[in-house]
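The structure under discussion appears below in the form of structure tokens.
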Amino acid sequence: MDTLLQDFRYGLRMLGKAPGFAAVAVLTLALGIGANTAMFSTLYGLVLRPLPYVDSSRLVMLWDSNRKTGQKHILVMEGSFPILRSQAQSLEDMAEFGSTNFGNDMYYERLWGTEERVAVDGVTPPFFSILKVAPLLGRTFTASEGVATMNGENRGSAHVAILSYAYWRKHYGASSEVIGKTITVNQFGEKSQYTIVGVMPKGFDFPYPLDTDKPDMWINDSMVAGEFSPGNDLQVLGRLKPGVSLAQAQAEINTIADRIRAEYPKYYKDEEVSVVPLSSELIRDVRSILWVLLAAFAFILLIGCANVGNLLLVRAVSREKEMAIRATLGARRWVLIRQMLVEGMLLALAGGALGLLLAYGSLRALVALLPQSIYIPRLDSVALDTRMLVFAAGLSVIAAGVFSVLPSLRLTRPNLNETLKSGSARKLPRAHSVLRRPGSVLLVVEVSLALVLLAGALLMLRSMRKFLAVNGQFRPERLLSLDVDIDNTYLSSLGGRDRVRILLEQFEQRIADMPGVEATALSDRFPPVRAHHSSQQFKADDGGGLIAEGFQPAEMHIVTPGYFDMMDMRLLRGRWLADSDGNGTLPVAVINEAMAERYWHDRDPLGLKLKPRETYEKPPSYTIVGIVHEPKRFASGETPDPAVYLPYAQMPVPFSSVVVRTAGETKGLAAAMRSAALQIAPGHMFVGQVQSGEELISESSATPRFTSQLLIAFSGLALVLAIVGVYGLISYYTTQRTHEIGIRMALGAQRADVMALVLKEGMLIVGLGIAIGVVAGEGFAKSLASLLYGVSAMDLASFAAAGAVLMMVAAAACWIPARRAMRIELMEALRYE
């Protein structure tokens with residue numbers, strides 16, 4: 001132990017004599033350990049940590065998809081759900097679940113007579129047994145409570161509710177007498193009373209984190225027994241039977257789906273059903289971000305390890321004479337190896353301690369910097385994981401240990417006579433074999449990884465520029481949008497759709513009369529990227545092609561005439577929708593160019609009639625009166641899919657977005673718009689937030705923007721580490737060749753020749769690293785493909801720019817030692833060592 005302590009004291013003195021080397025090595029290790037611990041902890045918390053349910057690996061979700069359109073993750077249709085549930089033998093059971101809140105301020109349900117919000121989730125009775133969670137108090141729903149009765153036009157079912165643990169403690173003081181009491185909820189203006197039959201245990205809050213809100217209560221969902229109803233969509237949860245694999249369950253579901261398509265071709269002609277693990281659904285929307293971040297953090301760790309390895313290698317070689325003298329004076333080989341190892345471990349321990357602080361800060365920063373519009377399930381439960389810290393620290397310690405010991409194995413068997421008389425001249429091979437020198441290979445790896453990250457960051461930047469340029473044509477700084485909805489009770493009192501139209505037209509007119517308003521329009525939802533509910537199917541009465549033979553998918557948007565100009569559309573043929581297209585006139589529609597080309601590429605569809613698929617009421621047929629060219633969509637920048645635009649006056653809906661274009665500043669108009677909405681139907685209109693066009697663009701681009709910012713930060717860090725690596729290694733090479741440089745100058749070499757010699761060696765290493773990085777960057781770039789807009793994953797300009805930037809900064813890092821070598825005095829160089 002005394003000997004080991006002596007080694008530690010000696011190691012500290014040696015590191016103290018090289019503070020620059022020690023500081024760079026410790027900081028490099030700390031960055032690698034800290035950043036990767038934060039990222040790996042996040043990845044474990046989001047992806048790898050098991051769900052808090054019994055045998056959670058057997059929990060699955062079912063999704064519909066359309067094999068003709070390629071749409072995936074469509075909610076399962078209500079008509080097919082009971083068939084799937086009754087015939088599937090590979091699953092223990094299935095349950096339907098879903099939030100009745102829509103993640104928007106204006107849609108939250110409230111306790112009757114108050115403004116207190118209540119998060120309500122509807123589920124069918126098997127829901128709790130599938131998750132294998134028993135209530136803390138009372139019971140869960142019975143099978144009979146999942147079957148509704150039919151009374152004329154209305155469905156009826158038992159109104160029972162189960163409370164969450166948090167809501168029970170907050171509102172009922174954790175009293176066991178809560179069972180049997182009633183709770184009254186304002187659901188879209190309708191008064192609904194529920195009898196409390198149970199309380200769930202602490203920590204149970206499913207379907208959170210699939211949904212953004214933790215439920216306060218669960219109510220029973222029910223369907224009419226024996227009734228075929230294809231109109232509604234359901235989220236479906238299931239549990240695999242013991243011993244049944246996911247592939248076996250999928251094969252059985254495929255067979256059942258075939259039978260459903262054969263029996264109900266009108267509704268399920270193209271429907272397919274997928275079975276996916278519940279755990280994978282938690283990260284489905286953010287999977288691309290997580291893997292990109294993981295790769296970026298791993299690159300930083302590898303660059304850090306390579307940098308530390310280089311520093312230790314060149315430092316070990318520079319101490320060859322010291323090791324030779326100590327060995328000749330009697331130091332045993334193991335003692336010398338142990339000394340080098342102790343110095344490496346001191347660096348690793350210091351880097352690990354600082355890395356722990358950086359890990360904690362990085363984790364907090366990652367959560368804090370995440371845009372609010374990006375929802376990542378389970379992010380609130382992510383914590384620093386000690387196993388991940390041990391992993392990252394262990395990898396760095398191993399790297400420090402390996403690169404401390406490897407050179408020691410050679411240096412502890414020196415030829416003292418050769419070492420003392422040859423000085424540094426023999427340490428380096430000839431100039432043309434620079435890649436064989438200590439640390440060169442590691443530096444090549446370091447540069448290639450830095451290029452991969454830098455190219456990824458430039459790809460994301462180019463993508464964002466194109467995205468913003470597309471949205472710039474809409475003048476987003478002059479756009480405002482407000483969502484409104486009228487509650488069901490008030491709708492019933494209005495007595496018809498025409499009254500709804502009049503009410504919302506009055507609201508639009510009131511907005512149009514405000515100072516500074518240039519134009520207004522109503523749309524069923526704005527911007528279109530948020531209008532997922534608008535997906536519909538249409539059939540034409542003539543014109544040939546698939547759409548005349550059967551129903552085909554197309555978006556359906558209900559708008560006022562001013563909407564087309566607001567969205568910069570251009571009329572190709574026919575006419576626009578007009579104010580005269582009202583109630584009692586011929587039902588008309590305008591279609592976009594994408595629809596005309598997909599379904600009538602060989603003829604003109606003007607004058608043909610389109611009929612939407614029947615849902616709960618028989619829809620009219622709409623005559624096509626115009627075809628418009630639609631630019632890329634506002635906010636999303638997406639190329640428009642086939643779309644049908646119907647006049648608001650002929651099909652008024654109680655939920656609308658009013659879109660406003662202002663002549664100047666939008667300041668102060670938001671409050672006036674909200675006030676006008678609340679005055680139209682006091683107490684009966686739900687009002688959302690007023691959002692500017694810039695806010696809507698920011699919301700839709702949150703994911704790629706956040707990824708861009710992180711990649712820029714990572715590539716900047718990688719660039720700094722690469723510069724340190726290049727500078728350190730070339731400086732060392734140059735110092736070791738001082739005597740050689742003196743001889744060259746004595747034989748007539750000019751100072752410019754000396755600079756060219758040093759730059760050539762450095763740029764050879766960097767150039768090889770860049771070439772390898774371009775090849776390696778292809779895979780990383782492809783992982784970014786889903787986040788890119790208008791840019792190919794293998795965009796040559798981005799890779800060329802990344803290579804040029806890296807070449808320039810590397811040249812600057814090489815220039816400093818080259819300039820120092822160029823200024824060496826001849827006599828000083830000849831006397832060196």
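Put simply, of TYR360, TYR375 the only residue that is in a helix (DSSP H, G or I), under 29 Å from the mean Cα position of the chain (by Cα) and either modelled with pLDDT under 75 or hydroxyl-bearing (Ser, Thr, Tyr) (or both) is TYR360.
Remark: ASP641 matches the filter, which requires a residue to be under 33 Å from the mean Cα position of the chain (by Cα) and either free of Cβ contacts under 8 Å to residues at least 60 places away in the same chain or open to solvent by 30 Å² or more (accessible area, probe 1.4 Å) (or both). Within segment 553-565, the set of residues being open to solvent by less than 10 Å² (accessible area, probe 1.4 Å) and touching a strand residue (DSSP E or B) at 6+ places or on another chain (Cβ under 6 Å) comprises ALA554, HIS557, ILE558, VAL559, TYR563. Whether a residue is of a type outside the set (S, T, N, Q), at pLDDT below 65, under 18 Å from THR734 (Cβ atoms) and within 46 Å of the chain's Cα centre (by Cα) was assessed, and LEU443 does not pass this test.
Taking the criterion of being open to solvent by 50 Å² or more (accessible area, probe 1.4 Å) and either closer than 10 Å to LEU459 by Cα or of a type in the set (Gly, Ala, Ser) (or both), the only residue of segment 805-817 that qualifies is ALA812.
Evaluation of VAL588 against the conditions (1) modelled with pLDDT under 90; (2) within 28 Å of GLY637 (Cα to Cα) shows that the sole unmet condition is (1).
Yes/no matrix, rows are residues, columns are (1) in contact with a helix residue (DSSP H, G or I) (Cβ under 9 Å, 6 or more places away or on another chain); (2) among the acidic types (Asp, Glu); (3) open to solvent by less than 20 Å² (accessible area, probe 1.4 Å):
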{"site": "THR28", "(1), (2), (3)": "yes, no, yes"}
{"site": "GLY32", "(1), (2), (3)": "yes, no, yes"}
{"site": "ALA38", "(1), (2), (3)": "yes, no, yes"}
{"site": "GLY79", "(1), (2), (3)": "yes, no, yes"}
{"site": "SER90", "(1), (2), (3)": "yes, no, yes"}
{"site": "ASP93", "(1), (2), (3)": "yes, yes, no"}
{"site": "GLU96", "(1), (2), (3)": "yes, yes, yes"}
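For segment 185-220, residues that are in contact with a Phe, Trp or Tyr (Cβ under 8 Å, 6 or more places away or on another chain), loosely packed, with under 13 Cβ neighbours inside 10 Å and closer than 28 Å to SER493 by Cβ total 1.
Residues in segment 573-590: is at least one of a type in the set (Val, Ile, Thr), buried (at least 20 other Cβ atoms within 10 Å of the Cβ), under 24 Å from PHE474 (Cβ atoms) and in contact with a helix residue (DSSP H, G or I) (Cβ under 9 Å, 6 or more places away or on another chain)? There is at least one residue in segment 573-590 that is of a type in the set (Val, Ile, Thr), buried (at least 20 other Cβ atoms within 10 Å of the Cβ), under 24 Å from PHE474 (Cβ atoms) and in contact with a helix residue (DSSP H, G or I) (Cβ under 9 Å, 6 or more places away or on another chain). Within segment 673-689, residues that are of a type in the set (Val, Ile, Thr) reach no partner that is open to solvent by 20 Å² or more (accessible area, probe 1.4 Å) and assigned to a loop (DSSP other than H, G, I, E, B) with beta carbons closer than 7 Å at six or more positions or on different chains. If you go through segment 15-26 and keep only what is open to solvent by less than 30 Å² (accessible area, probe 1.4 Å), more than 11 Å from VAL308 (Cα to Cα) and part of a helix (DSSP H, G or I), you end up with just LEU15.
Filtering segment 746-755 down to residues that are in contact (Cβ under 8 Å) with a residue 12 or more places away in the chain and either open to solvent by 30 Å² or more (accessible area, probe 1.4 Å) or touching a Phe, Trp or Tyr at 6+ places or on another chain (Cβ under 7 Å) (or both), which residue is farthest from ALA811 (Cα to Cα)? Among them, the one singled out is ALA746.
Only residues that are at pLDDT 90 or above and either farther than 30 Å from LYS618 by Cα or not in a helix (DSSP H, G or I) (or both) were counted in segment 236-271, giving 20. Of all residue pairs spaced 6 or more apart or on separate chains, those with beta-carbon atoms under 9 Å, a first member in segment 320-343 that is open to solvent by less than 50 Å² (accessible area, probe 1.4 Å) and a second member that is among the aromatic types (Phe, Trp, Tyr) and part of a helix (DSSP H, G or I) are GLN339/TYR10; VAL342/PHE8; VAL342/TYR10; GLU343/TYR10. Select from segment 99-123 the residues that are farther than 16 Å from ILE183 by Cα and open to solvent by less than 10 Å² (accessible area, probe 1.4 Å) and write down the one among them that is modelled with the highest pLDDT. Result: VAL123. Exactly one residue out of SER692, SER657, SER700 is within 31 Å of the chain's Cα centre (by Cα) and open to solvent by 40 Å² or more (accessible area, probe 1.4 Å), and it is SER700.
Looking at this structure, is LEU31 under 25 Å from ARG332 (Cα atoms) and at pLDDT 75 or above? For LEU31, the condition - under 25 Å from ARG332 (Cα atoms) and at pLDDT 75 or above - is not met.
Being among the aliphatic types (A, V, I, L, M), at pLDDT below 80 and either more than 19 Å from GLU252 (Cβ to Cβ) or touching a Pro at 6+ places or on another chain (Cβ under 6 Å) (or both) is true of LEU48.
Per-residue answers, yes or no, for (1) more than 30 Å from SER362 (Cβ to Cβ); (2) assigned to a helix (DSSP H, G or I); (3) hydrophobic (A, V, I, L, M, F, W, C):
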residue: LEU719; (1), (2), (3): no, yes, yes
residue: ILE723; (1), (2), (3): no, yes, yes
residue: TYR727; (1), (2), (3): no, yes, no
residue: THR735; (1), (2), (3): yes, yes, no
residue: ILE743; (1), (2), (3): yes, yes, yes
residue: VAL758; (1), (2), (3): yes, yes, yes
residue: MET763; (1), (2), (3): yes, yes, yes
residue: VAL766; (1), (2), (3): no, yes, yes
residue: ILE770; (1), (2), (3): no, yes, yes
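Among the residues examined, GLY79 qualifies as assigned to a loop (DSSP other than H, G, I, E, B), at pLDDT 75 or above and touching a Ser or Thr at 6+ places or on another chain (Cβ under 8 Å). For first residues located in segment 101-121 and in a loop (DSSP other than H, G, I, E, B) and small (Gly, Ala, Ser), partners that are surrounded by fewer than 16 Cβ atoms within 10 Å (Cβ to Cβ) and at pLDDT 75 or above and lie 6+ apart or on another chain with Cβ distances below 8 Å form the pairs GLY103/THR212; GLY113/THR184. Going by what's in this entry, would ASP568 be described as outside any helix (DSSP H, G or I), of a type outside the set (A, V, I, L, M, F, W, C), open to solvent by 60 Å² or more (accessible area, probe 1.4 Å) and under 17 Å from PRO527 (Cβ atoms)? Yes: the conditions hold for ASP568.
Does segment 494-504 include one or more residues that are at pLDDT below 90 and in a loop (DSSP other than H, G, I, E, B)? Checking segment 494-504: at least one residue is at pLDDT below 90 and in a loop (DSSP other than H, G, I, E, B). A single entry from LEU480, LEU442, LEU461 fulfils the requirement of being part of a helix (DSSP H, G or I), within 22 Å of PHE634 (Cα to Cα) and among the hydrophobic types (A, V, I, L, M, F, W, C): LEU461. Within segment 163-187, being over 20 Å from TRP112 (Cα atoms) and of a type in the set (Ser, Thr, Tyr) holds for TYR165, SER175, SER176. Pairs meeting the criteria (first residue in segment 789-802 and in a loop (DSSP other than H, G, I, E, B), second residue open to solvent by 60 Å² or more (accessible area, probe 1.4 Å), beta carbons under 7 Å, at least 6 apart or on different chains) are TYR789/LYS466; GLY790/LYS466; VAL791/ARG462; VAL791/LYS466; ALA793/LYS782; MET794/GLU778; ASP795/ARG462.
The values are calculated or read from the model by the stated rules, or taken from the named source; none is laboratory data. This structure is a prediction, so every number in the text was calculated from the model and none was measured. Positions of Cβ are backbone-derived with ideal geometry, glycine not excepted, and every protein chain shown enters the neighbour counts. Heads up: the accessible areas ignore ligands, DNA and RNA and are worked out on the full protein's heavy atoms, side chains in. Shrake-Rupley method; radii C 1.70, N 1.55, O 1.52, S 1.80 Å.
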